[in-house]
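Let me begin by presenting the structure, written as structure tokens, before commenting on it.
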Amino acid sequence: MINKKILILGGSSFDHIVYLNEFPEPFPQTIHQVPFREACGSTGTGKALALTKLNVHNTLYTAFGRDYYGEQIEHYLYENNIKSVVVTDPAGTQRHINIMDKEGRRISMFVTQSPEQLPHDEQQLKKIIAEHNVIVLNIIPYCKQLIPLIKESGKPVWTDLHDYDGRNPYHLPFIETSQYIHLSSDLLPGYKEVMEQFISNGKELVICTHGKAGASLLLKSGEWIEQPAISNVPITDSNGAGDSFFSGFLFGWLTQQSPSRCMQYGALCGALAVTDAHLVYHALSPLLLEAKCDEYFPSNE
């Protein structure tokens, strides 16, 4: 177990997942007998589960309703040995509908969404923050309330901006609070300029994932590292792949691996995630990750 303790702030959801061979055209049309399942998800749960499997001590601070969907999440967290602190969301549990195609692409719809204001216990939060070494700040609405306490703590902060478009003002408080930034280029054709701007504004590093095109890392030193995606991976379900990449990279960073090795860990965790219907690859572990690194990157330093 790594002796660093990670606090993951937000979020958990109950997801309804529909699988199609391809997104339908033209509209409208009726599709019969599509594969469908329900599962627990969202970016906090995905990171907490991946880090737990990688033997990284972490606590998930999250919110959901005292309803049927919240009960499913509560059971899921317990069943997967995820340590959590839960705030009751009076609006009910956040729910998503995810429509997936065979290429792993996703249309994600928020059926319900967490509010910006929740009844957080400030003294409890201060104590929890003090007990952890690193904070992962997810872009969940109620996490905005927590930013003053995070800044006051002086702890290093990582954030995941997901499909940030380079302009959305919603992301600015999360960007300003964090020193380590993860995002995707899905809505960001000029991702390099945005990454360079983050570094010029004092960030320690920026990681940008590109799906099947791999990922890019820009360090504070100005060094760029390009990581190809793992090729010929059979896609079962891409939900959670970005959180697995984030967690694999963070695992490498916490174990003081080289930046290149951290990118390899991230790429492998993300690739393993898409081969599995689970939110995180079911057999993920530090030993498996090392074995896969030796297999895919035998010439690594």
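Remarks
- Test: residue in the stretch 288-296 that is within 22 Å of His162 (Cβ to Cβ), in a helix (DSSP H, G or I), over 14 Å from the mean Cα position of the chain (by Cα) and at pLDDT 95 or above: no
- Boolean, Arg95 is touching a strand residue (DSSP E or B) at 6+ places or on another chain (Cβ under 7 Å) and surrounded by fewer than 19 Cβ atoms within 10 Å (Cβ to Cβ): no
- Residues located in the stretch 256-278, provided they are buried (at least 24 other Cβ atoms within 10 Å of the Cβ) and in contact with a strand residue (DSSP E or B) (Cβ under 6 Å, 6 or more places away or on another chain): Met263, Ala267
- Tally, over the stretch 238-264, of residues that are at pLDDT 95 or above, closer than 16 Å to Lys212 by Cα and over 10 Å from the mean Cα position of the chain (by Cα): 2
- Tally of residues being of a type in the set (S, T, N, Q), in a loop (DSSP other than H, G, I, E, B) and buried (at least 24 other Cβ atoms within 10 Å of the Cβ) across the stretch 238-255: 1
- Listed conditions (1) closer than 30 Å to Thr255 by Cα; (2) out of contact with any helix residue (DSSP H, G or I) (no Cβ under 6 Å at 6 or more places or on another chain) are all met by Thr43, apart from (2).
The values are calculated or read from the model by the stated rules, or taken from the named source; none is laboratory data. Not measured: the values here are computed from a predicted model. In this analysis, Cβ positions are derived from the backbone assuming ideal geometry, glycine residues included, and neighbour counts consider all displayed protein chains.
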